[in-house]
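The values are calculated or read from the model by the stated rules, or taken from the named source; none is laboratory data. Note that the coordinates shown come from a computational prediction; the quantities given were computed from them, not determined experimentally. Note that we place each Cβ from the backbone using ideal geometry, even for glycine, and neighbour counts take in every protein chain shown. Please note that ligands, DNA and RNA were not included when accessible areas were found on the heavy atoms of the full protein model with its side chains. Shrake-Rupley method; radii C 1.70, N 1.55, O 1.52, S 1.80 Å.
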Amino acid sequence: MTLSSMMALFASMLVLAVVPSVSVLAVITRSATFGFIHGVFTTIGIVLGDIIFILIAVAGLALVVTAMGQLFFLIKYLGAAYLIGLGIRLCRVTPQPGETLAIAESSLLSSFLTGLLITLGDQKATLFYLGFFPAFLDISQISYIDIFTVIAIAVVAVGGVKLGYALLADRARVFIDYRTQKNMNIAAGIIMIVVGLFLIVKPA
């Protein structure tokens, strides 16, 4: 990859990451509800999902994507069910002074899985990357250095933007008093349920 193509790819992925989406909504919700660290773990899950799709795309495995259609179908619905269950749990949680930290600590894995499942639930992401990367590099002649460069660009661009959203959501959380935490949990739960339903009803 040339320096100009790297800069163009970074700018393109940065713009795409900034655009409000389901993943942005998930990062904001987890960070505003449980704190910045949960936004970080959700972001890690999102970035890992992107890396998986990037590796499939740069390897030119379009046939594998087609063959794995059933697997993507299962991931989509399992992810949706997980998010809906998580949303119901959030709606039912009644924050207590002594329990808030424990709840936050025990749900770091949930934050990670939320980001990962939302990303893996979108089969179109692979097809997007398959059509997106040829504009910046020759897939047929890609090297390991090129692959590492693309992944690094994705981590910085996508991860950086999502962390920015997480930080903003966490800062807004500071100004919310404790008595409104229950309402925040309900709102966050409803958002998770809506995201799960969106994964179910959106076209494959």
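A compact table of results
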| read-out | value |
| --- | --- |
| Note, ³J(HN,Hα) from phi for region 48-56, Karplus 6.51, -1.76, 1.60, rounded to Hz, x at Gly and Pro | 4, x, 4, 4, 4, 5, 5, 4, 5 |
| Total formal charge among the other residues, if their Cβ is under 15 angstrom from that of Ala152, Lys/Arg +1 and Asp/Glu -1 | -2 |
| Heavy-atom accessible area order for Val161, Val155, largest first, 1.4 Å probe | Val155, Val161 |
| Solvent accessible area, Å² - Met7, 1.4 Å probe, full protein context | 120 Å² |
| Listed peptides 141-154, 108-121, 34-47, 17-30 by packing density, highest first (mean Cβ within 10 Å) | 34-47, 108-121, 17-30, 141-154 |
| Evaluated over region 5-63, the Cα radius of gyration and Dmax, each in Å | 13.8, 41 |
